[in-house]
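Engineer: Dumping the structure here so I can ask a few things about it.
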Amino acid sequence: MAPAAENGSTSPCHIVAVPYPGRGHVNPMMNLCKLLTNRKAHLLVTFVVTEEWLGFIGSEEKPDSIQFATIPNVLPSELHRAADMPSFVNATQTKMGEPFERLLDRLGATVNIIIADTFLDWAVEIGNRRNIPVASMWAMPAAVFSIFHHFNLLVQKGHHPFDVSGEFILVTFRIRMI
């Protein structure tokens, strides 16, 4: 529940949402934010994307209680990321955290919670440093989560389908399981 203001009204609960910068992540995060704000009138959501992503989604319809905020384009362009996916993934892990933290400093309202895509584990570190709770949003099917969670068993049982000792490079995300 949001804290009561001096005049007895409820102040808004400020959520900062930060999706992984990809179509299968941005859209589900926006859908979650719309569902939350449609159910609870006292929510204010700051939806954080790169400047490039704002160009893709900035004109989409959204409730007034959702506002966009941007971080600089610190990643390879969405239009060309497939040409070097490992570099793109690395950039999401190493280049987004610092501009996100600077953005938090510029926000006028107190942040009550951060909702971050599971693949952006730096958001948890930032939340911990600032004493802001962080919720993790998994944007993929539960079966994919189960594969990541039990990947060690696939390797142990010899079911892992790739020869990682050869030329194939497996790009993996660092996911902290609780």
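Throughout, read-outs are computed from the coordinates displayed, never taken from laboratory work. It should be emphasised that the depicted structure is a prediction, and the values quoted were computed from it without experimental measurement. Because the Cβ atoms are built from the backbone with ideal geometry, glycine has one as well, and the counts that use them run over all protein chains shown.
Engineer: So, R0 is 30 Å and r is the distance between the beta-carbons of N128 and N152; what FRET efficiency does that work out to, to 0.05?
Structural biologist: Here the calculated transfer efficiency is 0.70.
Engineer: Still on this model: Give the dimensionless ratio obtained when the Cα radius of gyration of the range 83-156 is divided by 2.2 N^0.38 Å.
Structural biologist: 1.34
Engineer: On to the next question. The range 28-93: which GluC sites (Glu not before Pro) are DSSP loop and have at most 14 other beta-carbon atoms within 10 angstrom?
Structural biologist: Taking the range 28-93 and a limit of 14 other Cβ atoms within 10 Å, the loop GluC sites (Glu not before Pro) found are E60, E61.
Engineer: Right, something else. Please report the net charge: other residues with Cβ closer than 11 Å to the Cβ of E52, K and R +1, D and E -1.
Structural biologist: Net charge in that neighbourhood comes out at -1.
Engineer: Which residues' amide hydrogens lie under 5 Å from the amide hydrogen of I71, considering only partners 5 or more residues apart or on another chain, with H built in the peptide plane?
Structural biologist: Under 5 Å from the amide H of I71: V49, T50, E51.
Engineer: I've got another one for you. More than 17 Å apart: what percent of Cα pairs in the range 20-138 qualify?
Structural biologist: Counting every Cα pair in the range 20-138, those more than 17 Å apart make up 56 percent.
Engineer: Given H placed on each backbone N at 1.01 Å, which residues far from Y20 in sequence or on other chains put an amide H within less than 5 Å of it?
Structural biologist: Close amide H contacts, sequence-distant or interchain: D117.
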